[in-house]
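First up is the structure itself, then whatever we jot down about it.
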């Protein structure tokens with residue numbers, strides 16, 4: 001009787017010890033790393049997540065999976081150890097997974113066409129079962145800083161654009177002034193060559209010719225050619 005009681009006690013103790021060891025290994029939620037990733041908008045970026053084989057265990061059929069979530073948003077995707085993928089939010093199809101690599105502990109994802117709303121802190125959590133969290137990694141995604149070389153290129157391009165704009169404005173202004181000056185010269189020449197002006201000159205010449213015609217009147221010429229005595233008698 002006593003032997004049976006000790007055997008039962010030993011079995012319960014062993015079961016409790018196994019659960020304790022498993023729980024201490026599997027549910028301590030270890031923080032195993034943090035990465036700072038910078039990228040540019042509208043580009044693709046890889047968010048890394050790698051766990052050591054010791055955290056995965058030797059049982060390749062275990063219910064182990066990595067869950068990606070954005071700390072400021074919600075769950076994104078779950079990748080199991082066997083390569084099964086389930087999405088909560090795939091960001092409009094912009095999240096790409098690599099299920100064939102998960103067996104080795106690589107649960108990285110590729111985020112395509114990065115938007116402003118994608119920036120922030122991400123967490124990749126390794127779970128066993130439903131309520132047991134083994135470990136997690138953090139990835140901080142931010143915008144890449146503009147280098148001094150890029151700043152110089154941007155400044156040079158902006159300065160060149162301003163100079164080109166000013167040069168174009170000067171050329172247009174000079175051409176406009178030249179057309180206006182030529183138009184004024186054309187108006188002045190048209191005034192001097194106006195048919196009305198020519199007609200007035202022609203009328204003045206006709207009046208001069210008329211006056212000269214009075215001098216050439218045949219009657220006056222005949223009267224002038226008469227002798228003095230005939231002119232006097234004619235006057236009488």
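Any read-out appearing in this document is the output of simple, stated calculations on the displayed coordinates, not a laboratory observation. Keep in mind that what you see is a predicted model, and the values were worked out from it rather than measured. As a convention, Cβ positions derive from the backbone with ideal geometry for all residues, glycine included, and neighbour counts pool all protein chains shown.
With the highest mean first, a sort of the peptides 109-119, 132-142, 30-40 on other beta-carbon atoms found within 10 angstrom per residue produces 132-142, 109-119, 30-40.
Among 167-175, 89-97, 45-53, the peptide with the highest mean count of other Cβ atoms within 10 Å heads the list, and the full ranking is 45-53, 89-97, 167-175. Taking 0.36 nm per residue of separation and subtracting the current Cα-Cα distance, fully stretching the chain between residue 34 and residue 85 would add 16.0 nm. Ordered from longest to shortest, the equivalent ellipsoid semi-axes for the range 28-143 are 24, 14, 12 Å, each the square root of 5 times a Cα gyration tensor eigenvalue.
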